Amino acid sequence: MLGVGFGLVTASIVALSTVAMSLQFSVTRTINFAHGELMTVGAYAAYVVAKSTSDLPLQALAAMAAGAVLGWVLNVALFQPFVRRHATKLVIFVLSVAASFIIQNVLEIGFGGSYVDYQAGSTNAYNVGPFQWTEMDIVTMVVAVVVLVGLHLTIRRTKFGKAQRAVADDVLLARTTGVGAQRIIALTWILDGAIAGLAGMLLAAQVGSFTPTLGFGYLLVIFSAAIVGGIGQMYGAMLGALVIGLVMEVSAVYINPSYKESMAFLILVAVLLFRPQGIVTALSESNVQ
Amino acid sequence: MIQYTVTVCTVGAITAILVLGVNVSWGWVGQIDLAYYAYVAIGAYAAMVLELPRAHPSPTTPNSYILGLHWPFIPSVLVATAVGAAAALVVGTIALRRLRGDYIAIITACTALMLTAVTSVDNHLLGGYIGVYGLAEPLNTALHLGPTGYSYFYLGLCIFCLLLAYLVLERIYKSPFGRSLRAVRENDTAAAAFGRNLFWLRLRGYALGGAVGAFGGALFANYLLAWNPASWSLTEVTLLIAGVVVGGQANSRGVIIGSVLIESALPQISQLFPLLTSNSTIGPSIASILGAGGIIVMLRFRPGGILRERRAIDRTGGPESLVPHVPAVSFARPTTATGVAVGTSSEVERDA
């Protein structure tokens, strides 16, 4: 049961990051292998702010701002010029991995390659039903639920969300009907960065100390969750994150915790083999042959 | 200084062999294969455990490894190559049957990370984190060379192997099998319409890449005389892939140039700036930033790479070939035939 409790906390963080990536993917149709770095800069921004204030909302705001700025820069400086030239997926892949290396190394120059300590929130433990959570664990889960519900409302109820869905469906059609696709894509990247940055801060608070490779090491877990849920599917991503988070933490109770991530990957392989469209599938589209 | 040059050249020759293998799965088949370094590692581990004598774990060195057959050098390398090909067949059967593009990248990356986890955690499979070590210099029991003479000999051996791999792969590239592979890469629907078995072709190409990787890995392990989980990571394979992109996808000579640039010249360039070398903490970071930045600039301004893939030529001759026409069996669509392969043929990797 302890494992399930940890699993729910891990799942909250994975869900935030995965949903952000799924949203960005469904709108822009490019896979960003530098997504982990959005989390990493969020974590470092929170770490810097935490030096001067222990105010948690301020740290979160800094993390989101840092992620949003990086998301915007990635879009403008890197992805847009290549997408406009119809670069292949292979090129986009190399490009985003190169970007991820650059960001990691810039952070390493700024903060050093060794672990930095980040303590956020209180570690007072509470027993909630069968689970045992710290205050920060509860904050993490509440934040995740609030953000995800907010995102759901944004996408379903606002004009911006409607425009996003239009661009995700068909960029050309959206453009001909007067949707400013470029602006929507830019805003999506900013939103993606902000949520991922927040997830990065929450992840840093969970692990306590981190290096510039924090997000890169987590990238494949996020991809696993995204694919298990059905890539580009927001609600699927949440479900995928729940499955991956629970599997990772519950398996760590029974077998060597070093195999935690391997268990997530095993789930991914199984899903790709037997249900490559993911658990949740939109009726109209399938992304895998 | 000469010794240093010999070291750089030996590693460069081995890297060139590895990048030729990446080029098969990436350039010929057109898949983002991140498990490639796992095949290199499999080849290296296989050669090591075949050549090393049986492990004797003791309280001071509790880690051990499987096999330990004490085989000679050449059969070990050959068997290691076959093991790499077999591993690629298994992974390829799972990864290539239904998936495309980014999904293959993700599933192969996951495969590599799972293998890393297993080899590092299990102390009695391949020596855990410490890895396998303690190999005697291969072939030197017969040659009795000194350290300097032996380093020259091994450099010669590596260059010979590189030439061998290059010639064999060039021959395969020009063979019907190589042509079919490129046809599948450029337009899989058309290739399928002409009766090509897409999965089987891709799988064979993938296994060929794995075999070349394992061959290079076996040579590498025999050069280092040790191998452990830190020797192979996603970073390594990304550098190799960058070599392919910068050098010129699917052009064997191009990718060799690219790999030499990325893996050998780049570290040397950073030596030229005293600012970088004097500060040991940020020097490597700046070198990495320059390297990654160089790749981005390269992709932006010369997407075909330094040496582009040669255009397909209709060699049938005859008067009709004087008239520009689309060949009956088009192995390359017009965009590719003019040489701008990488940047334009976006349909190749589309999600069907």
For this session: Order these peptides, B:11-19, A:9-17, by their mean beta-carbon neighbour count within 10 angstrom, highest first.
Result: A:9-17, B:11-19
Problem set entry | Theoretical gain in end-to-end length, residue B:129 to residue B:164 [0.36 nm per residue, Cα-Cα removed] | 9.3 nm
Problem set entry | Charge dipole (debye, nearest 20) of chain A; +1 at Cβ of Lys and Arg, -1 at Cβ of Asp and Glu | 1000 debye
Problem set entry | Separation in nanometres of the label points that stand 7 Å from Cα toward Cβ, at residue A:1 and residue A:152 | 2.7 nm
Exercise. For residue B:230 and residue B:141 in the same chain, what is the full-extension length gain: residue separation times 0.36 nm, less their Cα-Cα distance, in nm?
Worked result: 29.1 nm
Exercise. R0 = 60 Å: FRET efficiency of residue B:58 with residue A:183, Cβ-based, nearest 0.05?
Worked result: 0.35
Exercise. Rounded, prolate or oblate: which fits region B:40-118, taking a ≥ b ≥ c as square roots of the Cα gyration tensor eigenvalues, rounded meaning a/c under 1.5, else prolate when a/b beats b/c?
Worked result: oblate
For this session: Determine, from the Cβ-Cβ distance of residue B:98 and residue B:66 and an R0 of 30 Å, the FRET efficiency 1/(1 + (r/R0)^6), rounded to the nearest 0.05.
Result: 0.35
Seminar exercise, completed: Between residue B:300 and residue B:194, Cβ-based FRET efficiency (R0 35 Å, step 0.05) works out to 0.50
For this session: Specify the residue with the greatest mean-square fluctuation among A:201, A:136, A:64, computed from a Gaussian network of chain A linking alpha-carbon atoms under 10 Å apart.
Result: A:136
Exercise. Which value, in debye to the nearest 20, describes the size of the charge dipole of region B:151-266 about its Cα centre when Lys and Arg Cβ atoms bear +1, Asp and Glu Cβ atoms bear -1, and nothing else is charged?
Worked result: 460 debye
For this session: With a point put 7 Å past each Cα toward its Cβ, work out how far residue B:78 is from residue A:53 in nm, to one decimal.
Result: 7.2 nm
Exercise. Once Lys and Arg get +1 and Asp and Glu get -1 on their Cβ, which of B:163, A:1, B:287 lies farthest toward the positive end of the dipole of the protein assembly as shown?
Worked result: B:163
Exercise. Can you give me the relative contact order of region B:43-201 as a percent, contacts being Cα pairs under 8 Å and 6 or more apart?
Worked result: 20 percent
Problem set entry | 3J(HN,Hα) from dihedral phi, region A:169-179, Karplus parametrisation 6.51/-1.76/1.60, rounded to Hz, x for glycine, proline | 6, 6, 4, 4, 4, 4, 5, 5, 8, x, 8
Problem set entry | region B:2-232: C-alpha gyration tensor shape, a/c 1.5 cut-off, then a/b vs b/c | oblate
Problem set entry | Sequence-separation-based contact order of chain A, relative, with Cα cut under 8 Å and 6+ spacing, percent | 36 percent
Problem set entry | Lys, Arg +1 and Asp, Glu -1 on Cβ, resulting dipole of the protein assembly as shown about Cα centre, debye, nearest 20 | 1800 debye
For this session: Take the alpha carbon gyration tensor of the protein assembly as shown, find the square roots of its eigenvalues, order them as a ≥ b ≥ c, and report rounded if a/c is under 1.5; if not, report prolate when a/b exceeds b/c, else oblate.
Result: oblate
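Computed from the coordinates by the stated procedures, all read-outs in this text should not be read as laboratory data. These numbers come from a predicted model, not from an experiment. Virtual Cβ from ideal backbone geometry, glycine too; neighbours counted across all protein chains shown.
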